[in-house]
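Scroll down for the structure; my scribbles are underneath it.
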Amino acid sequence: MTIQTNQVYAPSEDVVAREIEGELIIVPLVGGMGDLEDELFTLNDTGKAVWDLLDGKRNLGEVSAALAEGFEAPAGDIEADVLGLVEELAKRGMLVEIAAGG
């Protein structure tokens with residue numbers, strides 16, 4: 001799976017996300033998503049910031065640029081982190097790619 005900055009992603013309808021004690025917990029609504037040993041996935045503050053921007057409208061480059069405004073890190077590092085997280089969550093079925101124009 002190759003994730004690129006021009007792609008648009010949104011949370012899958014097969015998961016629900018809840019913030020508990022400062023962490024974002026992603027819970028599958030269906031069994032057997034990906035190759036999960038345990039089916040919960042936890043995101044820290046940075047991961048939550050990425051998740052919150054994955055609205056199905058912004059491409060990953062725009063998500064990275066928005067994060068670069070709020071975090072003191074090189075833009076290239078932020079972009080690499082965004083692409084890596086999205087790839088992991090997409091592999092697990094927690095994010096879905098939105099078709100261009102959709």
Can you tell me which residue within segment 43-96, out of those that are touching a helix residue (DSSP H, G or I) at 6+ places or on another chain (Cβ under 7 Å) and part of a strand (DSSP E or B), is surrounded by the fewest Cβ atoms within 10 Å (Cβ to Cβ)? 43
Inspect segment 88-99 for any residue being over 26 Å from residue 27 (Cβ atoms) and of a type in the set (D, E, K, R) and give the result as yes or no. no
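Which residues, counting only those in segment 1-32, are part of a strand (DSSP E or B) and either under 15 Å from residue 50 (Cα atoms) or touching a helix residue (DSSP H, G or I) at 6+ places or on another chain (Cβ under 6 Å) (or both)?
Taking segment 1-32 first, the residues part of a strand (DSSP E or B) are 8-11, 15-20, 23-28.
Of everything in segment 1-32, those that are part of a strand (DSSP E or B) and either under 15 Å from residue 50 (Cα atoms) or touching a helix residue (DSSP H, G or I) at 6+ places or on another chain (Cβ under 6 Å) (or both) turn out to be 8, 9, 10, 11, 17, 18, 19, 23, 24, 25, 26.
No lab work stands behind these numbers, since they all come straight from the coordinates. All figures in this text were calculated on a predicted structure; none of them were measured in a lab. Glycine gets a Cβ as well: all are built from the backbone with ideal geometry, and neighbour counts include every protein chain shown.
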